[in-house]
Amino acid sequence: MDQEKGLALAETLTEAGERIAAGETASGPAADHYRAAAAEFSDRYAGTYLGKRELRAMVANPRLPAYEDPKAFLTCNHDAFTALCTLAHDRARDGGRSIPDHSRCHPTCANISRTDNQIAVRRGRFGSRPVHGARVARRGGGGG
């Protein structure tokens with residue numbers, strides 16, 4: 001399982017590094033984490049052989065978690081202790097090493113970052129409607 005998670009993580013962070021290098025920006029509460037994870041991956045792993053040991057080390061590295069959620073057009077820079085999708089008993093059971101539960105993704109989660117492309121695609125597909133039927137608070141206290 002760690003090998004599959006490691007390969008997915010490597011792909012996500014490779015693509016993130018390429019997008020950032022091409023000038024794409026990231027926004028959201030975890031945008032700094034997203035950029036830092038892409039930079040660390042690029043500095044440490046880009047162009048190297050990723051065997052089972054390296055993939056396990058990537059998965060275990062708490063600075064690298066980045067999970068693309070193509071249905072929600074976001075990247076989850078997962079920290080189980082701040083994630084709104086992770087229940088308290090799940091945090092205690094796995095010591096904070098869980099993966100995000102995209103079925104419980106919440107738009108106000110501190111782990112979310114979105115690239116310019118994710119925002120553009122989401123707007124093109126959904127306009128201003130929330131993804132996954134999530135509740136989104138209106139800004140400025142306007143009625144609803």
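The values are calculated or read from the model by the stated rules, or taken from the named source; none is laboratory data. What you see is a predicted model, and the numbers here were worked out from it, not measured in a lab. In this analysis, Cβ positions are derived from the backbone assuming ideal geometry, glycine residues included, and neighbour counts consider all displayed protein chains. Surface accessibility is based on the protein's heavy atoms, side chains included, excluding ligands, DNA and RNA. Shrake-Rupley method; radii C 1.70, N 1.55, O 1.52, S 1.80 Å.
So who's got an amide H within less than 5 Å of the one on Tyr67, skipping anything under 5 residues away but keeping other chains? H placed 1.01 Å off N, in plane. Here the answer is Cys76, Asn77, His78, since their amide H atoms fall under 5 Å of that of Tyr67.
Take the Cβ atoms of Arg44 and Asp69, set R0 to 35 Å, and the FRET efficiency comes out at 0.90. For region 38-91, the share of accessible area belonging to carbon and sulfur comes to 56 percent (1.4 Å probe, ligands and nucleic acids excluded). Sort region 1-83 into rounded, prolate or oblate with this rule: let a ≥ b ≥ c be the square roots of the eigenvalues of the Cα gyration tensor; rounded if a/c is under 1.5, and if a/c is not under 1.5, prolate when a/b is larger than b/c, oblate otherwise. It comes out oblate by the Cα gyration axes. Which net charge results when you count Lys and Arg as +1 and Asp and Glu as -1 among the other residues whose beta-carbon is under 12 Å from that of Ser42? Every neighbour counted, the sum reads -1. The residue among Leu50, Ala37, Gly17 whose Cα reaches farthest toward the positive pole of the charge dipole of region 1-94, with charges on the beta-carbon of Lys, Arg, Asp and Glu, is Leu50. Protection proxy ranking of 48-58, 10-20, by the mean of other Cβ atoms within 10 Å over each peptide's residues and highest first, is 10-20, 48-58.
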